[in-house]
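Presented below is the structure to which this report refers.
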Amino acid sequence: MMRITGKASSENEGRSILAPLAGLLAGILLLVFSCGLFFYAQLYGPGLKTATRVTLDHGMSVMAMGQTLEKAHVVHSASLFRLAVKFSSHHSLKAGTYEFPAGSSLMSALKQIEDGKVVQTFITIPEGRTSAQAVRILMGIKDLTGDVEVPPEGAILPETYLYQPGETRQAVLDRMLEAGRETLDALWAKRAPGLPFANKEDALIMASIVERETGLPAERPRVAAVFINRLRSGIRLGSDPTVIYGISHGEPLGRGLTREELDTLTPWNTYLIDKLPVTPIANPGKASIAAVLNPAKTQDLYFVANGTGGHVFAATYEEHLLNVAKWRAMEAQVNVYTSSAVAPEPPAAPSVAKVEPVIKPVRLSAKR
């Protein structure tokens, strides 16, 4: 009969105690590992099935951001998002509208918000639009909020501006007005000597006339020279767009000017007044302002359409009359051709949101 020694007995007892502890430890390690996998999946695993756009408002708390992202299914848990922000390398979360691509994880979304990679949306104010037309463009942007009043004519710089969806229209308009002031100030400081302008406002008025007279960038300095030469010589400017502004405040007439309209006195009719109009007639672009403040060096006093979108210039009235005769003959040939052809379909009526084309009337005589 075998006898169990005390040493063997203690070893068996030790094994019986360690076995449950080992099992418990293995269970704990398995639980920790499983929790780690779960949280890793929550933080770095793909969350979105489709690309999603979310706006995070200014002043929004981290928890509110998390709740907004959870509601949009960008993250699985607002609380986990808050925890991730707390342990992030930096806590600067930027408001704005974000486009989260399909498959974005919580951490990739957080990185995008920390970097401020917002959706870039733009609004363009074309050169030569009136302030009322510019405001209509601004009011047509559905992503913006609030109303704005029409600013003074010529105060807006026509340009493409970045805005954030949800931003106020007034904030965007303020940037346009600030750009207008800064551009005029900068170009005025570099103006040529001896210009016949009492102040920056006079230059802005002249630039608006140049803007509406030609759409060709290369022509602007020469068109500006014509009007500046006339102003220096005491000759009336005789600009058709100024007459149109006095009739409709810059809205397209859809037809040519009548003799009665040319003979009707308004503060803008430069066929009848001996100076600049009382205000700009549009918002000129930077190129037109620059052209007026550094015009071409010519003796030209007249110009007339050349039939190809540009103009022919003349220094004397006699030369100008010859150019007008050439234009008349060209115009007559076009009329003969169109009268013998099938009448084209009229263009569809533009929608309310459509921007009107800039008026560029034909100049027949710059002196009446």
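The values are calculated or read from the model by the stated rules, or taken from the named source; none is laboratory data. Worth saying up front: this structure is predicted, and the values here are computed from it rather than measured. With ideal geometry, Cβ positions are generated from the backbone for all residues, glycine too; neighbour counts draw on all protein chains shown. SASA here: full protein model, heavy atoms, side chains in, ligands and nucleic acids out. Shrake-Rupley method; radii C 1.70, N 1.55, O 1.52, S 1.80 Å.
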Residue match in segment 220-237 (condition: among the β-branched types (V, I, T) and surrounded by fewer than 20 Cβ atoms within 10 Å (Cβ to Cβ)): yes
So G256, is it surrounded by fewer than 23 Cβ atoms within 10 Å (Cβ to Cβ) and within 23 Å of H311 (Cβ to Cβ): yes
P217 more than 19 Å from H249 (Cβ to Cβ) and surrounded by fewer than 22 Cβ atoms within 10 Å (Cβ to Cβ): yes
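Report yes if R255 is in a loop (DSSP other than H, G, I, E, B) and free of Cβ contacts under 8 Å to residues at least 12 places away in the same chain, otherwise no. Spell out how you get there, then give the answer.
Working: in a loop (DSSP other than H, G, I, E, B): yes; free of Cβ contacts under 8 Å to residues at least 12 places away in the same chain: yes.
Considered against the rule, which asks whether it is in a loop (DSSP other than H, G, I, E, B) and free of Cβ contacts under 8 Å to residues at least 12 places away in the same chain, R255 comes out as yes.
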Total residues in segment 171-202, condition over 24 Å from T124 (Cβ atoms), in a helix (DSSP H, G or I) and of a type outside the set (D, E, K, R): 2
Pick from segment 97-113, criterion open to solvent by 10 Å² or more (accessible area, probe 1.4 Å) and not in a loop (DSSP other than H, G, I, E, B), ranking: nearest to K71 (Cα to Cα): E99
Which numbered condition N229 fails, given (1) in contact with a helix residue (DSSP H, G or I) (Cβ under 9 Å, 6 or more places away or on another chain); (2) at pLDDT 95 or above: (1)
Evaluation of N199 against (1) in contact with a His (Cβ under 8 Å, 6 or more places away or on another chain); (2) surrounded by fewer than 17 Cβ atoms within 10 Å (Cβ to Cβ) (one fails), failing number: (1)
Residue in segment 145-156 that is open to solvent by less than 30 Å² (accessible area, probe 1.4 Å), part of a loop (DSSP other than H, G, I, E, B) and at positive phi present: yes
Residue within segment 43-54 that is at pLDDT 80 or above, surrounded by 16 or more Cβ atoms within 10 Å (Cβ to Cβ), farther than 16 Å from V119 by Cβ and of a type in the set (A, V, I, L, M) present: no
Matching residues, segment 177-210, being closer than 15 Å to G285 by Cβ and touching a residue at least 60 places away in the same chain (Cβ under 8 Å): G180, T183, L184, L187, A203, L204, I205, M206, A207, S208, I209, V210
Subset of segment 124-135 (residues that are surrounded by fewer than 16 Cβ atoms within 10 Å (Cβ to Cβ) and over 12 Å from the mean Cα position of the chain (by Cα)): A132
